[in-house]
Amino acid sequence: MTRALWTHLVKDLRIEWRSLDAIISMLFFSGLVVVLFSIAFDPHGEFAQQISGGVLCVATMFASVSALNQAWSREIRHQVMDAQRMVPSPAAELYLAKVIVNFLFVTIVQVILAPFFFIFYNLHVAGQAWLLALVLPLGTWALVGNGVFFAALSMSTRNRELLLSIILFPIFIPALLAMVQATGDIFTGDSDPMLWIKMLVGYDIIFTTVSLLLFDTALHAD
Amino acid sequence: MQASPPTTTAVTAAAPQFCARVDGVSKLFGTFAALRQVSVDFEPGRCYVLLGENGAGKSTLLRVLAGLLRPSFGKVRLFGDFEPQDVRDRIGYMSHAPMLYDELTAQENLRYFAKLYPGRPCLSPAEVLRQVGLDPDLPRYLGQYSQGMRQRTSLARVLLPTPELLLLDEPFSNMDVESARQMVALLAKFRQDNRTIILTTHQRELASPIADWVLTLHAGRVASFEPGAPTL
């Protein structure tokens, strides 16, 4: 890990620790989604196994977007982004640090949410439960990696929050599909989720690489 | 092939004749021309004061020099034949806004930015905060500072990597007269190290003690370019 990446990480974690804005808003939002869906569908038995993967992914996705909309808000305020554009350290490290920090926040929310999720949906994992520890981080990275990049791209637009959702959701669909299918397969144990996991790995590698390569151009666009 | 930009902070006798050269620069925002065919040479070790009414193009010219905006036409060259984007570590840019994080203290902000200048010797954050008249140990977040204190912290951020070209957009706004005079004295010391200052202001009398040249812009064009009468 380079010094600049570490510097950005420490700064973002310190700022978030002082406010806990992102984590609290994500927790509230995702908790609400899980509770509302459990009331709406009254999930029990096999039905719960089938829909729980989708509910978990949707809760994560909407909660993440609420945080991603704010990912660059501190840089927009007081034109801090101009100061970031003036420093000679690589822009890719600024991007990577933001992705890591937001990934950590979403993961924390998922870890807190998980027990409630299992209780509300009365879940019993029929497949290999440890694979969830692979699928959820991979899916979260796909969402956050793209989200941070497109949030930066939409920073100078007036309707940036709307624009982020419009751009991000269609691009995230392949990863969302893989995430939902993989978690569904793990919960039901009906089929092997490895194909979907491989798809998530490929998606993450491709989109993270492209974002890292393009971020400098996105940051310095007029 | 273009040579790689030097990274030393010392400005030697072998320095190029012009610190910055603006050659026929126009900047369009849609159909609005913020700058129209501006051509100016800025010598090293001088202080240039940009004057003009609101919307004259002062801030746009500074942003073009800083490499934050690309000219629509014409070209900008710094320290010889470098584009601003290639020599960012040698430029200090201060805007109307503090360009700092509200949730960090002044020292935390400066320590953070100092670490983003790899290979460039930076001043100590505490030292530079004292230079701008602030207590480095003040246990308050920047969001709790007054406008004037934020402005000084912003100047401290800009001075931190000892840039060779200092671009200051309205540095005296939100400042009381005494603080502004202290800032002028600090800038005079900075200029004595053969570094170049280009600043915009509406308070000409505050900047006149260090103004080697006064450039007036009107509707995006250079209206006048006159020698100043510096006393510091």
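The values are calculated or read from the model by the stated rules, or taken from the named source; none is laboratory data. Note that the structure is predicted; figures quoted are calculated from it, not measured. When we count neighbours, we look across all protein chains shown, and the Cβ atoms used for this are built from the backbone with ideal geometry, even at glycine.
Here B:Leu129 clears all of (1) more than 14 Å from chain A (Cβ to nearest Cβ); (2) surrounded by 16 or more Cβ atoms within 10 Å (Cβ to Cβ); (3) assigned to a loop (DSSP other than H, G, I, E, B) except the condition numbered (3).
Taking into account only those residues within region B:48-68 that are part of a loop (DSSP other than H, G, I, E, B) and small (Gly, Ala, Ser), which is nearest to the other protein chains (Cβ to nearest Cβ)? Of everything passing the filter in region B:48-68, B:Gly67 is nearest to the other protein chains (Cβ to nearest Cβ).
Report, by residue number, each residue of region B:69-126 that is touching a residue at least 60 places away in the same chain (Cβ under 8 Å), within 14 Å of A:Asp82 (Cα to Cα) and assigned to a loop (DSSP other than H, G, I, E, B).
B:Ser95, B:His96
Screening B:Leu61, B:Leu116, B:Leu68 for residues that are of a type in the set (A, V, I, L, M) and at pLDDT 95 or above leaves exactly one candidate, B:Leu61. Across region A:75-108, the qualifying residues are those that are more than 8 Å from chain B (Cβ to nearest Cβ) and hydroxyl-bearing (Ser, Thr, Tyr), and the one among them that is surrounded by the fewest Cβ atoms within 10 Å (Cβ to Cβ) is A:Thr107. The residue that is nearest to B:Met99 (Cα to Cα), counting only those in region A:53-74 that are within 14 Å of chain B (Cβ to nearest Cβ) and free of Cβ contacts under 8 Å to residues at least 60 places away in the same chain, is A:Arg74.
Rundown of residues vs (1) out of contact with any strand residue (DSSP E or B) (no Cβ under 6 Å at 6 or more places or on another chain); (2) within 14 Å of another protein chain (Cβ to nearest Cβ); (3) surrounded by 15 or more Cβ atoms within 10 Å (Cβ to Cβ); (4) of a type in the set (Gly, Ala, Ser), yes/no style:
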| residue | (1), (2), (3), (4) |
| --- | --- |
| A:Phe120 | yes, no, yes, no |
| A:Ala175 | yes, no, yes, yes |
| A:Met199 | yes, no, yes, no |
| A:Ile206 | yes, no, no, no |
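Only one of A:Val144, A:Val111 is crowded, with 23+ Cβ neighbours inside 10 Å, away from every other protein chain (no Cβ under 14 Å), of a type in the set (Val, Ile, Thr) and within 18 Å of A:Met26 (Cα to Cα). Can you tell me which?
Step by step, each of A:Val144, A:Val111 is checked, and only A:Val144 is crowded, with 23+ Cβ neighbours inside 10 Å, away from every other protein chain (no Cβ under 14 Å), of a type in the set (Val, Ile, Thr) and within 18 Å of A:Met26 (Cα to Cα).
Listed by position, the helices (runs of 4 or more DSSP H) contained in region A:12-121 that have at least 2 residues being over 15 Å from A:Gly147 (Cα atoms) and of a type in the set (A, V, I, L, M) are A:21-41, A:45-68, A:80-86, A:91-120. Suppose we keep only residues that are part of a helix (DSSP H, G or I) and among the β-branched types (Val, Ile, Thr) within region A:147-167. Which one would you say is surrounded by the fewest Cβ atoms within 10 Å (Cβ to Cβ)? Result: A:Ile166.
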